[in-house]
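Asker: One structure coming up, written as structure tokens, with questions to follow.
Taken together, the values in this text are just the output of simple stated rules run on the coordinates, not laboratory data. In this text, all values refer to a predicted model and were calculated from it rather than measured experimentally.
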Amino acid sequence: MKPHPVHSARGFTLLELVTVILILGILAAVTAANFNQKSIDQTWFLEQVKSAVRYAQKTAIAQRRVIYVSVNPAAPYQLSLCYDAACASPVSSLASSAAFVLTPPSGVILTASSSPFNFNGLGQPSAAVTLAVNGRPLSVSAETGYVQ
């Protein structure tokens, strides 16, 4: 009878295992960022809308005149700041001399409970307003104009 030959056990080395785990970790980090991009875009645009409404209020106070905030209820769902309700004379952006207009990224929807609404020279809004970015609310208080 012949004895069984001893087979040498073969497996992965520690270096190979660490390399594979490192590569999988990098791939997971890159793909996880792409899965959350829509949520990031929504949050970023919501903060831009808050900033724009606050800018309209501060501009109304600084210039002692009425500033209108107009939200387009259909695509492309733009938010505009103007000196009149028809938006014939737009407010200039701080970054450039162009009209102040915010356009959401694709897949992001902006809605408003009433549009246009305005801030008077004291910073008070014409009414309480709720804006929403993909259902995430932003409210403007009727008495104080506080944006939250």
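Asker: Which cross-chain or sequence-distant (5 or more) residues have an amide H under 5 Å from the amide H of ILE109, H modelled 1.01 Å from N in plane?
Answerer: ASN134
Asker: Please compute the contact order of the chain in relative form: average sequence separation of alpha-carbon pairs under 8 Å and at least six residues apart, divided by the residue count, as a percent.
Answerer: Over the chain, the number comes to 20 percent.
Asker: Using Cα atoms only, what is the angle between the long axis of helix 14-35 and the major principal axis of the chain, expressed in degrees (0 to 90) to the nearest 10?
Answerer: 20 degrees
Asker: In degrees from 0 to 90, rounded to the nearest 10, what is the angle of the helix 37-63 Cα long axis to the longest principal axis of the chain?
Answerer: That works out to roughly 20 degrees.
Asker: Multiply the residue gap between ALA99 and ILE26 by 0.36 nm, knock off their C-alpha separation, and tell me the result in nm, one decimal place.
Answerer: 22.1 nm
Asker: Just to be sure I understand, if you calculate semi-axes √(5λ) of the Cα gyration tensor in Å for this structure, which of [x] 58, 14, 13; [y] 25, 17, 14; [z] 36, 17, 13 do you get?
Answerer: It is the one labelled [x].
Asker: Counting only DSSP beta bridges with both residues in the range 37-140, tell me the antiparallel percent, nearest 5.
Answerer: 100 percent
Asker: Here is a further query. Multiply the residue separation of VAL108 and ASN72 by 0.36 nm, subtract the distance between their alpha-carbon atoms, and state the gained length in nm to one decimal.
Answerer: Difference between extended and current length: 11.6 nm.
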